[in-house]
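The values are calculated or read from the model by the stated rules, or taken from the named source; none is laboratory data. All values derive from a computational prediction rather than experimental measurement. Don't worry about glycine lacking a Cβ; one is built from the backbone with ideal geometry, like all the others, and counts go over all protein chains shown. For accessibility, only protein heavy atoms count, side chains too; no ligands or nucleic acids. Shrake-Rupley method; radii C 1.70, N 1.55, O 1.52, S 1.80 Å.
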Amino acid sequence: MFLVGSLVVLCGLLAQSSAQLAYPLPLSYDLPTSMGHCRPLYLDQNLPSYTVTPVVTTYPTHLIATNFKDAFSQGLLSGGILGFLEHMPLLSYVRPAGSNAGGLVGVIGKVISSIPILNNILDIKVTNPQLLELGLVQSYDFHRLYVTIPLGFDLKVNTPLIGKLLEFAVKLDLTAEIYAVRDIQGRSRLVIGDCINSPGSLRITLPKGLNSLQNLVDSLTDILTKVIPGLVQGVVCPVVNGILSVLDITLMHDVAELLLHGVQFVIKV
C-alpha cells in the first residue's frame, strides 16, 4: 500500500513540474515500474516556449563592417589626428633640459641631458602624416570589436653635422576596444574600452649609409620609441571616444545590437 501511494505522489509531481516547463517536451512520458505504468502525461499546447529572436538590422549584415570602418576612418580624419601628428612637439622631448626648446622635457629630458650629440639637432619636422587602412576584428565570442588604427609619417631631422635633413619613416598601430551596452530604457550604444599601443607596434625605418652618425641615430630612435606612442595615444584615444558619440545612429544601433547578441559580422579574410 505504501509503494502504491508513493507512485501516485510521484506521478503527480511529474505532472506539476512538466506543466511549469517552458521548453517543448514529448507529448507523452511513461514511467515503467514493477507496479504498472503512470498514465500518459499530455502537455498543454498553449504553453509558451522560448525562441531566439533574430537580430534585425537596417544595413545588410555583410556591409556593416565595411560601413563601420569607413565611418570610423572619416571620424578620425575629421577629428584632426593628421594635423596633430604634423605638429607633435618632438623637439621639446629630444632637446636636453635647459635648452630653448620649451617646457615639455620632463623626466626624459633629464635622462637625455647626458647625451651631448643631441645638442646638434636644430629641428624635427613631421611630414606626410597618413591614416592607413583600419583593421577590424571581433572577439572570439563576437561581443567586442577591436579596431586597429595604423598611422604613418616621416621625420626630417635637421642637424649641422651633415648639413642636410636626416629622414626616418615611422609607423605606429593603436588598438581601440569597442563594446555595446544597453541603458535602462533599452537603447543600445557603443562605448570604448581599452585604447592602447601594443609593445613593438612602433616601427622606425633607419636611413642607410650613416655609420658616422650611428650614435646620433641610436640615441634619437631610442628617445622617439619612448615618446611617440604616448603622445599619439593621448590624442587619438579621446578622438575615438568622440567618434562613437557622433556615429550615424542607425549604423551604431546595428553594430551595437549585433555585438550584444554575439552575432559575427566581421568576416576574416
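Over the stretch 178-269, Cα pairs under 8 Å with separation of 6+ residues give a relative contact order of 40 percent.
Multiplying the residue separation of ASN215 and ASP141 by 0.36 nm and subtracting their alpha-carbon distance yields 21.8 nm.
Between LYS125 and ILE249, the simple label model (points 7 Å from Cα in the Cβ direction) yields a spacing of 4.7 nm. In this view, the solvent-accessible surface of ASP218, computed with a 1.4 Å probe and all protein chains in place, comes to about 80 Å². Taking every protein chain into account, the 1.4 Å probe leaves TYR146 with about 70 Å² of accessible area, to the nearest ten. The solvent-accessible area of HIS87, taken with every protein chain present and a 1.4 Å probe, is close to 140 Å². Of the residues ASP194, ASP248, ranked by 1.4 Å probe accessible area with the largest first, the sequence reads ASP194, ASP248.
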